[in-house]
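Notes follow the structure.
Please treat every number below as a calculation from the coordinates, not as lab data. Please read these numbers as outputs of a predicted model, since none were measured by experiment. Please note: Cβ atoms are built from the backbone with ideal geometry, for glycine as well, and neighbour counts cover all protein chains shown.
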Amino acid sequence: MIPSDHYTRFYNEVFKFLETQGDDVLEAYFLAISHNQEKHILELIQSKGLEGMEEYWTHIKIEENCDMDIDRNEDRLELRMNVCPSLSKVMDNDAEPMGRYCDHCAGWIGPIFDKTGYHLVYDVISRTEPRCVMRVFKDEAKAKAAERDVQLLMGWPGHKVG
Amino acid sequence: MSEKLRYAEEGEVHLDFHGATNTTVDFIIGKFGLDALNEIFRKVGKDVYRSIHEDLIAGDTEQLVAHWRHFFTRENCDYDIDVGDDEIVLTVRRCTAWHHVAKLVGTPSAHFCDQTSRTNEAMAEGSPFAIDTTITGPGACRQVIRRRA
């Protein structure tokens, strides 16, 4: 058993392999993981919207030992990851980190927001710092406005940026 | 115990990661075949677990046994470890990872447990030890460390 604690380091090895096979393969993998994740979050978003997202990430904050602030108002949900446990483990690793490790996060959740009619603005800030800010908006115009206030905007399959 | 471990996470556990591992196993085999999956697990065993791998090469099994105890306990597996003069036997009667995936998807990938077999082999590669993994039932296995003949 690779412990669940070490999944991210396994994930990192998978990304490094897939990166050698091409970006289309990496995107196909993100979509496979996204599909896998639907069982955990899709119904919550469809039935409860932003409140359902808050419920999901409150659970994740606990189980993944995240240092994260969650803020919700009627327009948007904001996750401010102060210390990301996922990238932190990948960096605290005897194997080399994959340079675009952070891309996976928007890579799986972005397609789910696309399916549910929400608008994601994912500010990775830096791929070498374990922190980021994710905002999810009901209104597309507000999301577009928020994109102007990011340091490193992340895209996902079907939603290229930059 | 954990002072010896290169990785010794504490706090909560997120068992749903095992579901993502199952998805990954099927994805890699479906796109690239079993050899590609084996190579990824080989890198996990030799690179991610370099510290355990190097200890085994040096003839020291202590960290691997501590790793087993730490993580099988954290995941609330039903297991025991018998440290004998000639071999060390980890008996897993109920693997939490396998059963969690079974709860999520019904039937885990036929290759789900390769993560254990192949990673064990890679950790032991080039060392005086072999680590043999035998699947003894659904979500159950026996892992044996013994000196190579």
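Helix B:114-124 versus the longest principal axis of chain B: what is the Cα-based angle in degrees, 0 to 90, to the nearest 10?
20
Answer rounded, prolate or oblate for the stretch A:91-162, using the Cα gyration tensor with square roots of eigenvalues a ≥ b ≥ c: rounded when a/c is under 1.5, else prolate when a/b is larger than b/c, else oblate.
In terms of gyration-tensor shape, prolate.
Calculate the translational D of the stretch A:1-52 in whole µm² s⁻¹ from Stokes-Einstein, where the hydrodynamic radius comes from the Kirkwood formula applied to all Cα pairs, the temperature is 10 °C and the viscosity 1.306 mPa s.
Using the Kirkwood radius from Cα pairs, D works out to 124 µm²/s.
Counting only Cα atoms, I'd like the Rg/Rh figure for chain B, Kirkwood definition for Rh.
With Rg and the Kirkwood Rh in hand, the quotient comes to 0.95.
What FRET efficiency, computed as 1/(1 + (r/R0)^6) with R0 = 35 Å and r the Cβ-Cβ distance, is obtained for A:ALA141 and B:VAL105, rounded to the nearest 0.05?
0.35
Suppose R0 equals 51 Å; then what is the FRET efficiency for A:ALA28 and B:ASP86 from their Cβ-Cβ distance, rounded to the nearest 0.05?
In this case the efficiency is close to 0.60.
Name the residue, out of A:ASP94, A:ASP24, A:ASP67, whose mean-square fluctuation peaks in a Gaussian network model built on chain A with Cα pairs under 10 Å.
With Cα springs under 10 Å in chain A, the top fluctuation among A:ASP94, A:ASP24, A:ASP67 is at A:ASP94.
With an 8 Å Cα cut-off and a minimum separation of 6 or more residues, compute the relative contact order for the stretch A:51-108 in percent.
23
Go through the stretch A:107-162 and name the chymotrypsin sites (Phe, Trp or Tyr not before Pro) that are in a DSSP coil and have 13 or fewer other Cβ atoms within 10 Å of their Cβ.
Answer in residue order: no site qualifies.
What number comes out for the charge environment of B:ASP60, summing +1 per Lys or Arg and -1 per Asp or Glu over other residues with Cβ under 11 Å away?
Local charge sum for B:ASP60: -2.
Greater than 30 Å separation of Cα atoms is the criterion. Which listed pairs, A:LYS142/B:LYS103; A:LYS16/A:LYS142; A:LYS160/B:LYS31; A:LYS16/A:LYS144; A:LYS142/B:LYS31, meet it?
Too far apart for the 30 Å limit: A:LYS142/B:LYS103; A:LYS16/A:LYS142; A:LYS16/A:LYS144; A:LYS142/B:LYS31.
Which residue, B:THR133, B:THR96, B:THR107, has the most motion in a Gaussian network model of chain B that connects Cα atoms within less than 10 Å?
Between B:THR133, B:THR96, B:THR107, it is B:THR107 that shows the largest mean-square fluctuation.
Taking only C-alpha pairs under 8 Å that are 6+ residues apart, what is the relative contact order of the stretch A:4-154 in percent?
So the answer I get is 22 percent.
Taking only DSSP H segments of four or more residues, each worth -39500 (n - 2.57), what value at 222 nm results for the protein assembly as shown once the sum is divided by all its residues, to the nearest 500 deg cm²/dmol?
Result for the protein assembly as shown, helices only: -15500 deg cm²/dmol.
Between B:GLU12 and B:ARG142, what length comes free when the chain is fully extended (0.36 nm per residue of separation minus the Cα-Cα distance, one decimal in nm)?
Going from the current span to full extension adds 44.2 nm.
Could you tell me which of rounded, prolate or oblate describes the protein assembly as shown, using a ≥ b ≥ c as the square roots of the eigenvalues of the alpha-carbon gyration tensor, with rounded for a/c under 1.5 and, failing that, prolate when a/b is larger than b/c and oblate otherwise?
It comes out prolate by the Cα gyration axes.
Efficiency by 1/(1 + (r/R0)^6): what FRET value for A:THR58 and B:ASP78, r their Cβ-Cβ distance, R0 = 25 Å, to the nearest 0.05?
0.25
With only alpha-carbon pairs counted, each pair once and no self-pairs, how large is the Kirkwood hydrodynamic radius of the stretch A:33-162 in angstroms?
This gives a value of 15.0 Å.
Enter the angle in degrees (range 0 to 90, nearest 10) between the Cα long axis of helix A:103-116 and the first principal axis of the Cα atoms of chain A, meaning the one along which they spread out most.
For A:103-116 against chain A, the angle is about 30 degrees.
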